[in-house]
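One structure is given below, encoded as C-alpha cells.
The values are calculated or read from the model by the stated rules, or taken from the named source; none is laboratory data. Computed from a predicted structure; not experimentally measured. For neighbour counting, all protein chains shown are included, and Cβ atoms are generated from backbone atoms with ideal geometry for every residue, glycine included.
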Amino acid sequence: MSISGASNIRIPPSCRKIVKIPVTITFAPRTIDGAIERQLQVIGPIFGAKDASAVSVAEAMIAFAKSINAPTKLGDVKGFTEARITRTLAAAKDPQLEMKLQNMPIPMTSADVDTYMAPLLRAATEGDLTKIKAM
C-alpha cells in the first residue's frame, strides 16, 4: 500500500492496518454510494462499537488492537520516523503524481494534501483521532 498513491513511498506491511483506521474516518463522510457506512455497520458490532459512526468504530478497533498488544499508532512501529511523513507529503504534492491523488477513493488535489493528508498521517502517527479532518 502506498500513501497518496506515490509509488516511491510505501507503508511497511506492519503499519497498514494502523493507517486504514484514520483513512476510513477521513473518507467515510463523502462516499457516494454509502459503501463505507455499510461496512461500518457490519464491523462495528464485531469490535463492540457504540454505534456505526466512523469514529466510534475506529475507537473500538483501536481498543481491540490494544487488548491484543498490537501497535495502534505508527509511532509505535520501530523505525517509523517523521522523515517518512515529510517524504510522503512531499511526494503527494509532486505535480507528476497528481493523477495518483485523483485516483484515490475520494479524489484529492495537491492543494488538499496539507488540509487532509497531513492531519491523517499525524493522527496515525500519534494515535490522536481528533486530528483527522473528514473530507
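Being among the hydroxyl-bearing types (Ser, Thr, Tyr) and buried (at least 16 other Cβ atoms within 10 Å of the Cβ) is true for just one of 67, 56. Which residue is that?
56
If I filter the stretch 29-37 for residues that are under 18 Å from residue 132 (Cβ atoms) and either free of Cβ contacts under 8 Å to residues at least 60 places away in the same chain or of a type in the set (Phe, Trp, Tyr) (or both), do I get at least one hit? Walk me through how you get there before you give the answer.
Within the stretch 29-37, the first condition is being under 18 Å from residue 132 (Cβ atoms), and the residues that meet it are 29-31, 36-37.
Now restrict to residues that are either free of Cβ contacts under 8 Å to residues at least 60 places away in the same chain or of a type in the set (Phe, Trp, Tyr) (or both): 36-37.
Yes, the conditions are met somewhere in the stretch 29-37.
Can you tell me which residue is nearest to residue 129 (Cα to Cα) among those in the stretch 54-78 that are among the polar types (S, T, N, Q) and not in a loop (DSSP other than H, G, I, E, B)?
Per the stated criteria, the residue is 56.
Pick from the stretch 103-120 the residues that are touching a Leu at 6+ places or on another chain (Cβ under 7 Å) and closer than 22 Å to residue 73 by Cα: which of them is surrounded by the most Cβ atoms within 10 Å (Cβ to Cβ)?
The selected residue is 117.
Determine whether residue 70 is under 24 Å from residue 122 (Cβ atoms) and either touching a Ser or Thr at 6+ places or on another chain (Cβ under 8 Å) or modelled with pLDDT of 85 or more (or both).
Judged against the criteria, residue 70 is not a match.
Across the stretch 121-135, which residue is surrounded by the most Cβ atoms within 10 Å (Cβ to Cβ) among those that are farther than 19 Å from residue 36 by Cα and basic (Lys, Arg)?
122
Residue by residue through the stretch 79-135, note down the ones that are within 23 Å of residue 65 (Cβ to Cβ), under 13 Å from the mean Cα position of the chain (by Cα), not in a loop (DSSP other than H, G, I, E, B) and not hydroxyl-bearing (Ser, Thr, Tyr).
Within the stretch 79-135, 85, 117, 119, 120, 121, 122, 123, 124, 126, 129, 131 qualify.
Please list, ordered by first then second residue, the pairs with beta carbon atoms under 8 Å, 6 or more apart or interchain, first in the stretch 108-127 and without any contact (Cβ under 8 Å) to a residue 24 or more places away in the chain and at negative phi, second assigned to a loop (DSSP other than H, G, I, E, B) and of a type in the set (D, E, K, R).
Between residues of the stretch 108-127 that are without any contact (Cβ under 8 Å) to a residue 24 or more places away in the chain and at negative phi and residues that are assigned to a loop (DSSP other than H, G, I, E, B) and of a type in the set (D, E, K, R), the close pairs are 110/94; 115/133; 119/133.
Collect the residues in the stretch 23-53 that are of a type outside the set (Asp, Glu), farther than 23 Å from residue 127 by Cα and either touching a His at 6+ places or on another chain (Cβ under 9 Å) or at pLDDT below 70 (or both), keeping them in residue-number order.
Result: 31, 32, 34.
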